[in-house]
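Below is one structure; the comments refer to it alone.
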Amino acid sequence: MSKDKNKKKGAIGTRLRLARDMAGLSQAQVAKMLSLHRPSVSEIEAGRRKVSAEELSKLAEIYDVKLNWLMGLDTGENNKENEKIKLAARQLAKLKPKDYERVIHLLSILRSNKRERK
């Protein structure tokens, strides 16, 4: 397999792992949704197993992300960041109010630490 194909499979796998993490799903849960074995999901995310167009389409739906983003076709930096923000927002919406306040507090600490390092 060529270097470019390996690189592309790895990039798709990385996006799939990120989207799954942000959706708060385990590999086992995703495998069940796709009627696969959990190691198959692991292999896809590691870039060692090809993912079919049908599987990619289902994964985009499960993770609520754009198929183009998963495939690496939507490579604009703004688009990547927007997708990460959307994924994070979905996770924040699932939090209990007390946990949400903790996350906001942690973000403020991170921002102040970033300013101090400059």
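Look at the range 29-56 and say how many of its residues are free of Cβ contacts under 8 Å to residues at least 12 places away in the same chain and of a type in the set (Gly, Ala, Ser).
5
Restricting to the range 14-37, name every residue that is part of a loop (DSSP other than H, G, I, E, B), surrounded by 14 or more Cβ atoms within 10 Å (Cβ to Cβ) and at pLDDT 90 or above.
Step one: list which residues in the range 14-37 are part of a loop (DSSP other than H, G, I, E, B), which gives 24-26, 35-37.
Those left that are additionally surrounded by 14 or more Cβ atoms within 10 Å (Cβ to Cβ): 25, 36.
Of everything in the range 14-37, just one residue is part of a loop (DSSP other than H, G, I, E, B), surrounded by 14 or more Cβ atoms within 10 Å (Cβ to Cβ) and at pLDDT 90 or above, namely Leu36.
I'm checking my understanding of the structure. Among residues of the range 55-98 that are among the small types (Gly, Ala, Ser) and either within 11 Å of Arg15 (Cα to Cα) or in a loop (DSSP other than H, G, I, E, B) (or both), which one is modelled with the lowest pLDDT?
Applying the filter and picking the extreme gives Gly76.
Would you pick out the residues in the range 95-111 that are under 21 Å from Gly24 (Cβ atoms) and β-branched (Val, Ile, Thr)?
Once the filter is applied, which keeps residues that are under 21 Å from Gly24 (Cβ atoms) and β-branched (Val, Ile, Thr), the range 95-111 yields Val103, Ile104.
The values are calculated or read from the model by the stated rules, or taken from the named source; none is laboratory data. Worth saying up front: this structure is predicted, and the values here are computed from it rather than measured. Neighbour counts are summed over all protein chains in view; Cβ atoms, including those assigned to glycine, are modelled from backbone coordinates with ideal geometry.
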